[in-house]
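Step one of this worksheet: look at the structure below.
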Amino acid sequence: VSALMLLLLPKSVKMTGLCRGACVEVDSDTEAVANEGFKLGCISCKMRAEVEAKAVVSWSFRGADDKDFSPLYEYEEKRGNIFDPRFEERLDWNGSKNTEDLQDGSIYILNVTFNDTGTYMCTFRRTLIYTNYQIENSTTKQIHLHVVPKLTRSMASILSEVMMYVSIIGLQFWLVVEMIYCYRKISAAGEEALRETEAEYLAVASESKENCGAVQEAE
């Protein structure tokens, strides 16, 4: 079952942390419609979900006519800051809520304009917190956004989205199957231990009875 589920996942989907809840990395859409809202997706899953961590997410933007990236937005300690005046009052956090252990660093652009066409760079700076030490790492992703007057979805895009939802549903089913399997295995182990304990108790009781009979005959 596990191997089959992995084969069903599209290349744009990455999963981890299955034991304590699933984190799925999905590529962001790259085509926005002018005068509408648009979500720039950026997800970076921890390899080990049980490890405590905190992260800072930084966004940079390079417009179609720009040579270099310029700071756009940063989210740290549950607060966001907009650095690019072109996006003032048009940008909002759309990622992980009420936590510093960020895995979803998505942002949302309001009233998209044609000038928003360009390359967006998302960077996760994550600190993994262990008992006696800490490890820092970073992950960077780029999104090439194209703004159009009207949305035109290709068949590949539609199929990709359908496969994403099928993969998520299949993953949830897989988790349920794994939980049922683990429950049955633990239950069977408990029953086996109970039977062994009962057998040992009966053996001790029988031995004690025989010893008592031997003592009475000796008297």
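Does Ile135 fit the bill of being open to solvent by 50 Å² or more (accessible area, probe 1.4 Å), more than 25 Å from Ala34 (Cβ to Cβ) and of a type in the set (A, V, I, L, M, F, W, C)?
So Ile135 passes the test.
Would you be able to tell me the number of residues in region 89-126 that are of a type in the set (Val, Ile, Thr), in a strand (DSSP E or B) and open to solvent by less than 20 Å² (accessible area, probe 1.4 Å)?
3
Output the residues belonging to region 67-86 that are open to solvent by 80 Å² or more (accessible area, probe 1.4 Å) and farther than 15 Å from Asn115 by Cα.
Answer for region 67-86, where residues must be open to solvent by 80 Å² or more (accessible area, probe 1.4 Å) and farther than 15 Å from Asn115 by Cα: Asp68, Pro71, Glu77, Lys78, Arg79, Asn81, Phe83.
Between Ala64, Ala49, Ala22, which is under 23 Å from Glu178 (Cβ atoms), assigned by the TED database to the domain that holds Tyr130 and open to solvent by 20 Å² or more (accessible area, probe 1.4 Å)?
Ala49
Quick check on my filter: what residues within region 76-124 are among the hydroxyl-bearing types (Ser, Thr, Tyr) and touching a strand residue (DSSP E or B) at 6+ places or on another chain (Cβ under 8 Å)?
Ser96, Ser106, Tyr108, Thr113, Thr117, Thr119, Tyr120, Thr123
Those residues that are surrounded by 11 or more Cβ atoms within 10 Å (Cβ to Cβ) and at pLDDT 80 or above, I need them from region 148-163; list them, please.
Once the filter is applied, which keeps residues that are surrounded by 11 or more Cβ atoms within 10 Å (Cβ to Cβ) and at pLDDT 80 or above, region 148-163 yields Val148, Glu161, Val162, Met163.
Before we move on, is Cys45 touching an Asp or Glu at 6+ places or on another chain (Cβ under 8 Å), of a type in the set (A, V, I, L, M, F, W, C) and modelled with pLDDT of 85 or more?
So Cys45 fits the description; yes.
The values are calculated or read from the model by the stated rules, or taken from the named source; none is laboratory data. Bear in mind that the values here come from a model prediction, so they are computed numbers and not experimental data. In this analysis, Cβ positions are derived from the backbone assuming ideal geometry, glycine residues included, and neighbour counts consider all displayed protein chains. Please note that ligands, DNA and RNA were not included when accessible areas were found on the heavy atoms of the full protein model with its side chains. Shrake-Rupley method; radii C 1.70, N 1.55, O 1.52, S 1.80 Å.
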